[in-house]
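J.: Have a look at this one.
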Amino acid sequence: MAAADPGTGILAADVHTPGQGNLLALAERNGLDNIRVANGDAIILLREMLAPASLSGLRVFFPDPWPKKRHHKRRLIQPEFIELAATRLKPGAPLHCATDWEPYAEQMLEVLSASPAFDNSQPDGGYTPRPDFRPLTKFEGQGLDKGHLVHDLIFRRNDT
Ligand SMILES: C[S@@+](CC[C@H](N)C(=O)[O-])C[C@H]1O[C@@H](n2cnc3c(N)ncnc32)[C@H](O)[C@@H]1O
């Protein structure tokens, strides 16, 4: 996605250092200079290191699904995170989520639809058809191999 959009600075956050190294190696191999990697928790990055209305978009692709009910509170897409994300996004900026875990997709749709700061880009208020610009990752491929359905959700920060 960084290669397809060289004029946009991409800030990638993960706690998994081998994944960070892999991304940096790929960026170097492809001669990309529009990627920066933040080593750590995306919540802390948003809360403590990014200014209000500083992001032109936010992508949350295949966040850990935490399938067990007692772990649901660990899921990233919760009302508190969405409220924080809303403060960091510019008006009109997209928040794009994708997951191969159906119950989490339902939670994402519920939480995002309930937020007054976001509007669903889909007029019917549902999921977004898989956009061509989102590449297939290894993780998504593994989900598809298991027969999982993948859902995309694209909401936009409104002016409220
Ligand atoms: C299921 S993997 C998906 C990876 C990748 N987005 C993909 O589509 O293949 C979830 C990733 O989220 C990262 N992660 C989980 N919680 C995080 C957090 N609070 N901040 C940053 N990264 C986090 C994990 O380290 C892991 O690499």
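J.: Given the conditions (1) open to solvent by 50 Å² or more (accessible area, probe 1.4 Å); (2) among the aromatic types (Phe, Trp, Tyr); (3) modelled with pLDDT of 95 or more, which single one is not true for Phe155?
T.: Single failed check for Phe155: (1).
J.: Which of the residues belonging to the stretch 120-150 are within 10 Å of Asp100 (Cα to Cα) and of a type in the set (A, V, I, L, M)?
T.: Within the stretch 120-150, Leu144, Leu149, Val150 meet the criteria.
J.: Still on this model: State all residues of the stretch 2-43 that are open to solvent by less than 40 Å² (accessible area, probe 1.4 Å), under 18 Å from Leu76 (Cα atoms) and among the aliphatic types (A, V, I, L, M); if no residue qualifies, say none.
T.: Of everything in the stretch 2-43, those that are open to solvent by less than 40 Å² (accessible area, probe 1.4 Å), under 18 Å from Leu76 (Cα atoms) and among the aliphatic types (A, V, I, L, M) turn out to be Ala12, Ala38, Ala42.
J.: Another question, then. Quick one: would you say Gln107 is within 23 Å of Val15 (Cβ to Cβ) and away from the ligand (no atom under 13 Å from the Cβ)?
T.: Criteria met by Gln107.
J.: So, Arg156, is that one among the basic types (Lys, Arg) and either within 16 Å of the ligand (Cβ to nearest atom) or under 15 Å from Phe61 (Cα atoms) (or both) or not?
T.: Numbers: among the basic types (Lys, Arg): yes; either within 16 Å of the ligand (Cβ to nearest atom) or under 15 Å from Phe61 (Cα atoms) (or both): no.
When the stated conditions are applied, Arg156 does not pass them.
J.: Pick out the one residue from Ala51, Ala3 that is part of a loop (DSSP other than H, G, I, E, B), in the same structural domain as Leu95 (by TED's automatic domain parsing) and out of contact with any helix residue (DSSP H, G or I) (no Cβ under 7 Å at 6 or more places or on another chain).
T.: The match here is Ala51.
J.: Taking the stretch 90-143 on its own, how many of its residues are among the acidic types (Asp, Glu) and under 18 Å from Ala2 (Cβ atoms)?
T.: 2
J.: Let me ask you something else. Kindly list the number of the only condition in (1) more than 15 Å from the ligand (Cβ to nearest atom); (2) aromatic (Phe, Trp, Tyr); (3) under 14 Å from the mean Cα position of the chain (by Cα) that fails for Phe118.
T.: The one condition Phe118 does not meet is (3).
The values are calculated or read from the model by the stated rules, or taken from the named source; none is laboratory data. Only a predicted model underlies this, so the values are computations on that prediction, with no experimental measurement involved. Here Cβ is always computed from backbone atoms with ideal geometry, including for glycine, and neighbour counts include all displayed protein chains. Remember, those area values only see protein heavy atoms, side chains included, never the ligands or the DNA or RNA. Shrake-Rupley method; radii C 1.70, N 1.55, O 1.52, S 1.80 Å.
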